Amino acid sequence: MEGIYFYWISWLFWTYCTFLMPKSSKRTKAAMFILILLLCSNTFIQYGRYVLNLSFIILAAMCFFAFTRYPFRNMIYFVFASFIIMFSYVCLLLFSMYDPVWFYIDVKWVLSTFILLLSIIIVQTKKARLHVLLTGCCQGECLYRFLIQKLTKTTIFGSSAFFDTVSICCFLYGLVSLVYYFSQLFKEGIQLTWLHRKL
C-alpha cells in the first residue's frame, strides 16, 4: 500500500516533536509543519492533465525558501548539490522502471538509502544536508514525472510513492544522526575514563 510509510513515519516524527523535544518555537514549527503535510496529503490541484499534491507544493516551497537563508556562495553550492540528488533520483527510478529485475528490495528503500548516502558525501553540515536532500527529491519528482508523462493519462506531482521515499530518507537520516550522537557520547566517555586513569 503506497503512502503507508509516509503516514507512519510522519506520525512518529510528530510524536517525537510534540512529546520529546524541549519546548521551543522550533518544536512548535516542526510539529505544525508535519501536521500540515499530513492534512494536505490528500488534497490535489488539477490543471489539465497535471495534478499537483498540495503537500508537495508546500514541501517544495519550504525547501526553496530555506535555500534563500544561506549565504550566496553556500546557496550556489547547495543548489548544485540538489541537482546531483535530482539526477540520481531520476536515473534510479528510470532504471527501476525499465529493468526492475535488478531490484530485489523495494525500490523506495534502495532509492532512499542511495540518496541519503549521496547527501552525506556531498554536504557537510547537518541542517543543509536535509534541505539539499528534500529539495533534490522535489526537483527529481518533477523531472521524473515530465519524462514519463507520455506513459500516463495524468501526471501527478507528489505521488504517494514520492512521499514514502522522502519519509524513509528522513527516517534513515534520523537513525544516522542517532547513531552519530551515541558514538560521540561513547567516545567522550572513553576519553574521560582515559583521562581519569592518567590523573
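What follows is calculated from the coordinates using simple rules that are stated; it is not laboratory data. Fair warning: this is a prediction, and the values are worked out from it, not measured in the lab. As a convention, Cβ positions derive from the backbone with ideal geometry for all residues, glycine included, and neighbour counts pool all protein chains shown.
For the chain, place one equal point scatterer on every Cα, skip the solvent, and apply the Debye formula. What is log10 of I(q)/I(0) at q = 0.17, 0.18, 0.19 Å⁻¹?
-1.25, -1.37, -1.50
Summing -39500 (n - 2.57) over the DSSP H runs of n ≥ 4 in the chain and dividing by its residue number, what mean residue ellipticity at 222 nm do you reach, to the nearest 500 deg cm²/dmol?
Dividing the helical sum by the residues of the chain leaves -25500 deg cm²/dmol.
Sort 135-141, 68-74 by the packing proxy (mean of other Cβ within 10 Å over each peptide's residues), most packed first.
Highest mean packing first, the order is 135-141, 68-74.
Report the full-extension gain for the segment D99 to L175: residue separation times 0.36 nm, less the Cα-Cα distance, to one decimal in nm.
Value of the extension gain: 24.3 nm.
Could you let me know the centre-to-centre spacing of segment 77-95 and segment 147-172, using Cα atoms, in angstrom?
Using only Cα atoms to place each centre, the spacing works out to 14 Å.
Can you run phi through the Karplus equation (6.51, -1.76, 1.60; θ = phi - 60°) for segment 120-131 and list ³J(HN,Hα) in whole Hz, with x for Gly and Pro?
Here the 3J(HN,Hα) series is 5, 6, 8, 10, 8, 7, 5, 5, 5, 4, 5, 5 Hz.
For the pair C91/Y77, report the inter-label distance in nm, with labels modelled 7 Å from Cα in the Cβ direction.
Distance between label points: 2.2 nm.
Convert each backbone phi in segment 77-91 into a coupling constant with the Karplus relation 6.51 cos²θ - 1.76 cosθ + 1.60 (shift: θ = phi - 60°), then list the ³J(HN,Hα) values in order as whole Hz, x for Gly and Pro.
Each residue of segment 77-91 in turn: 5, 5, 5, 4, 5, 5, 5, 5, 4, 4, 5, 5, 4, 5, 4 Hz.
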